[in-house]
Amino acid sequence: MKKTLLLAGVACLFSVSANAMDLNREFKPYIGFDYVYSHADYKKLAKDPKKDYNSGAVNLGTMITPYSSLEAFFQQSGERKSFKGTIDQVKTEFYAYGLDAYGYMPIGCDGFNLLGTLGLANYNMKVKYVRGSQNKQRMGYRAGVGMQYNFTENFAARVVGRYSYIGARNLDNLMEVTAGVKFMF
């Protein structure tokens, strides 16, 4: 169901872009790639797994107006290994996908924009112990602020700080910093 929702969101992004000429608006599809540093708040498992993750994210979006866009994303973290005591090894990783809405506000300097983002995401957390594993999915919301610099009309770089509330039994939230580039068509 959740994957269907994500695919429907991506299809809407491209269908809106396909009808851009009919609406006489400036719809610009884009693709982006981000590095994501995440710090996890594990509640009760604070001593077990490592809390910091390095991830990669790919995003597809479209500018709706000169000051707003919609973006679908997929994020995959690397696996983190840590030891619980001297015997048990704990491995954790996660992936997420969802939809974000961005708002842009130009500031005094040419090419610089402040940005804000709100979105929903499906998080899949995997924890592997020597004696077994857990795989939990949870919907969460995301909110962030950042800065974007447009080098040209088609190429931009951005940095975003984001809070992602997951509310799972063992994982409360993620604090993330993303840095990436996007290419507008």
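No value in this document is a laboratory result; all are computed from the given coordinates. Remember, it's a predicted structure, so these values are computed and weren't measured experimentally. Glycine also receives a Cβ, built like all others from the backbone with ideal geometry; neighbour counts cover every protein chain displayed.
A few remarks follow.
- Separation of the Tyr67 and Tyr37 label points, Cα + 7 Å toward Cβ, nm: 3.2
- Phi angles across region 133-138 convert, under the Karplus curve 6.51 cos²θ - 1.76 cosθ + 1.60 with θ = phi - 60°, into 3J(HN,Hα) values of 8, 10, 9, 10, 10, 7 Hz, Gly and Pro given as x.
- Converting phi to 3J(HN,Hα) with the Karplus coefficients 6.51, -1.76 and 1.60 and the offset θ = phi - 60°, region 105-121 yields 9, x, 10, x, 7, 5, x, 8, 9, 7, 9, x, 9, 9, x, 10, 8 Hz in sequence order, with x at every glycine or proline.
- Cα-centred dipole magnitude for region 139-185, charges only on beta-carbon of K, R (+1) and D, E (-1), debye, nearest 20: 80
- The dipole here belongs to region 51-185: it is taken about the Cα centre, uses +1 on the Cβ of Lys and Arg and -1 on the Cβ of Asp and Glu, and is about 800 debye.
- When the chymotrypsin sites (Phe, Trp or Tyr not before Pro) in region 105-184 are filtered for DSSP coil states and for at most 11 other beta-carbon atoms within 10 Å of their beta-carbon, the remaining sites are Phe151.
- Long-range amide H partners of Ile166 with built H, under 5 Å: Asn173, Leu174
- Gain upon complete extension [Gln76, Glu26; 0.36 nm per residue less C-alpha separation]: 14.9 nm
- Of Phe183, Gly146, Ser164, farthest towards positive along the dipole that unit charges on Lys, Arg, Asp, Glu beta carbons give region 125-185: Ser164
- What the phi angles of region 154-159 give under the Karplus curve with 6.51, -1.76 and 1.60, with θ = phi - 60°, is a coupling list of 10, 9, 9, 10, 8, 10 Hz, glycine and proline written as x.
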